[in-house]
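Below is one structure, written out as structure tokens; comments come after it.
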Amino acid sequence: MLTPPDDDALQRRAQELRRLLQHHGHSYYVLDAPEIPDAEYDRLFRELQDLETAHPKWITPDSPTQRVGGKVLDQFASVRHAVPMLSIRTETDTQSSGALNFDARARKELGLTESDPPVEYVAELKFDGLAMNLRYQQGVLVQAATRGDGETGEDVTQNIRTISQIPLRLPSGVPPILEVRGEVYMRRDDFEALNERQRQKIATGAKGEKTFVNPRNAAAGAVRQLDPAIAAQRPLSFFAYGVGELTSPEQGGPAWSTHYELLQALKGWGFPVADQVRVVLGASALVAYHQEIAAARDQLPYDIDGVVYKVNDLALQRTLGFVTREPRWAVAHKFPAQEQLTTVQGIEVQVGRTGKLTPVAKLAPVFVGGVTVTNATLHNEDEARRKDVRVGDTVIVRRAGDVIPEVVSVLPEKRVSGAQPFTMPAHCPVCGSVAVRGEGEADHRCSGGLYCSAQRKQSILHFAQRRAVEVEGLGEKLVDQLVDSGVVNTLPDLYRLGFSHLASMERMAGKSAQNILDALEKSKETTLARFLFGLGIRHVGESTAKAMARHFGQLDRIVQASEEQLSQVADVGPVVAQSIRTFFDQAHNVEVVEQLRACGLHWPEGKPSATAMQPLAGKTFVITGTLPTLGRDQAKDLLEAAGAKVAGSVSKKTHYVVAGADAGSKLDKALELGVPVLDELALRKLLADQNS
Ligand code: IVH
């Protein structure tokens, strides 16, 4: 008989489980390289939980089960920092001078002359979160504190324990006293998901819930949450960038000589350190780092608001020392802000090429993300309602990278009285046609089609753009005039323009009129792909147009292709195929195509690709019985030439059975499985249809 394990053995097992979970947690959360499946991790976790439930006195504060579970607080206790948490001087110029000034100041303070070698720096990211001090005693996390005023912060240990990336226990050999400093932040994807959950809660009537303006705001809210169970549902992350109090080298603490060594040690002990940390030499390398990170900024999964430069040599850091509350050995070099405050002067509804109605906030001009912004999209009715943007409101606008600027949120306390909520108009603001919102769709569309001058203008601009047939110089202003004056209604009208039409338009001197005529002439020589893209068929972007041109080679083949044949083109799915088919089913669209050709638009037509010549590619046939005129081999040859596969037996995967006289069990099977059955006539018709 097996004796049950004694308490000693169980307690050792609990210890072993803690060690295993800590190791695998680090691989998963910090290194992003899990070594075991999630299910196995969960199993180990539950085993430890069960042991601890049975023996509560075995629970240690550093147990992975103790990340959540603290009690709800009334307020946070104050923490006096053993070593003050300083701030750093910030250079707000977004060019190179911030880096050059810093290097010049450091060199001067160090008494270096031009002939001395360049100073070595560590360049880091400036994370946009909250500074945190993590205190470890004998390798165990005992306290986490916010920066506060730099001297005194708040004890937020319960909440910080919920951050999986922060080790609760460090490997043996770490200094007995160790304070790690770094930034608590929220990843952008975690932020989006959190806001989505918040929206759901609000939609189901939950009281006191709100969405967050940005990841920094959400992170700050989570850290200062009095209920650790709620904090645990707000996914936070952490990056280490420095240390606070530390056992001195005399007492056996580490004797690092550079900041980089310090960071490597923290990484080795299990703290996340950003991959972008770099040792660089001299001012020009700082400038290069600033530029490189600025360019990569939008691809990072979290927000940064600049970079930080630090003198690498710790002895030099000591020489440089501090001015008031800022070290002379470090500086933050900012990027242009991606968010700014401004006011909404109006809300306009714009009509796109396909009739989509987009509410756009007209803003008091504001410099954000490196450009002056006057418009910000509100996307659609639901978004505009959700954000409840009203004329007169003070709003936060965001412009990140090349993405179109958007309104992040409204400052409700600044709302002027009498401001009215936005409603989507029932009619197109340009042509007055009914605005419709399809079921399950977010967008309203003008139902006016080409009757709507806004849609006509956009279609013309789309056709004339550089990536389509390219009519150089045909811009928005000119198209507005041509359409508004009734001279141009359709695409072919463009090619019927005479010199006098153009010269009579505003700001069109004789020379520019002639330039447009030349550009129109030049645009006639094009390619099938550009022409197709230019037609503005819904869902047909540049790459789909190219794939179709390659596949079919000739326009007429596309105009006549069935949805099934269209679906054979790489990256054309059923929705796109249907959209193309619908487009060419409209007589007026075919008419436009014909007229454009009659106006002289032309392109080299190619041979259809091998698969286009094989209209039955991917289809399986079975032939059974005796056909009236075709021999069985002949039928097989015809089918195979069209790309079909001819199989010997009927299954669910068979597309068609071709049956003649005296067909036996195969016909029965086809009828049983519901496989379509063709006679010779139907087969001939199918082959003829596919080849037309
Ligand atoms: S070092 C003595 N490094 O920026 C130097 N700070 O005023 C102490 N920050 O709120 C700071 N990223 O939380 C340092 N890589 C980085 C940083 C960083 C962000 C924050 C810090 C503080 C502010 C500095």
request  = Determine the share of the range 1-148's accessible area contributed by carbon and sulfur atoms, expressed in whole percent, with a 1.4 angstrom probe.
outcome  = 51
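First compute the accessible area of the range 151-203 with a 1.4 Å probe, then give the percent of it belonging to carbon and sulfur atoms. If you can, show how the numbers build up before the last one.
Numbers: 980 of 2010 Å².
Taking all protein chains in place, the range 151-203 shows 49 percent carbon and sulfur surface.
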Charge dipole magnitude, Cβ of K and R +1, D and E -1 - the range 322-463, Cα centre, debye nearest 20 = 300
Linear extension gain, T527 paired with R466, 0.36 nm per residue minus alpha-carbon span = 20.7 nm
query = Percent relative contact order of the chain, based on C-alpha pairs within less than 8 angstrom and at least six residues apart?
reply = 9
query = Under a straight-distance cross-link criterion of Cα-Cα below 29 Å, which lysines are reachable from K362, leaving out those fewer than 8 residues away in the same chain?
reply = K210, K334, K387, K414, K457, K477
task = Summarise the accessible area of the range 440-496 (1.4 Å probe, protein heavy atoms) by the percent that is carbon and sulfur.
result = 44
request  = Taking H placed 1.01 Å from N in the peptide plane, check which residues at least 5 places from V142 or on another chain put their amide H under 5 Å from its amide H.
outcome  = R135, Y136, Q137
message = Treating the chain as a set of equal point scatterers at the Cα positions, no solvent, please give the Debye-formula log₁₀ I(q)/I(0) at q = 0.09, 0.10 Å⁻¹.
response = -1.04, -1.10
note = Simple SL model, points at 7 angstrom along Cα→Cβ for Q514 and V590; separation in nm is 4.2
inquiry  = Go through the cysteines of the chain and tell me which have no other cysteine Cβ under 4.7 Å away.
reply    = C599
message = What does the C-alpha gyration tensor say about the overall shape of the range 22-82? Classify as rounded when a/c is under 1.5, otherwise prolate if a/b is larger than b/c, or oblate.
response = oblate
remark   = Expected field for L638, accessible surface area in Å² at 1.4 Å probe radius, rounded to 10, holds 80
message = Students often forget the sequence filter, so: which lysines lie under 28 Å Cα-Cα from K607 once same-chain residues fewer than 8 apart are removed?
response = K522, K524, K546, K619, K636, K645, K685
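Given a 1.4 Å probe, how much area per residue of the chain is accessible, in Å²? Provide the component values of the computation, followed by the final result.
On the way: 34630 Å² over 692 residues.
Using a 1.4 Å probe on heavy atoms only, each residue of the chain averages 50 Å².
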key: Computed helical MRE - 222 nm, the chain, DSSP H runs ≥ 4 contributing -39500 (n - 2.57), nearest 500   = -10500 deg cm²/dmol
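The values are calculated or read from the model by the stated rules, or taken from the named source; none is laboratory data. Note that the coordinates shown come from a computational prediction; the quantities given were computed from them, not determined experimentally. As a convention, Cβ positions derive from the backbone with ideal geometry for all residues, glycine included, and neighbour counts pool all protein chains shown. In case anyone asks, the SASA skips ligands and DNA or RNA and just uses the protein heavy atoms, side chains included. Shrake-Rupley method; radii C 1.70, N 1.55, O 1.52, S 1.80 Å.
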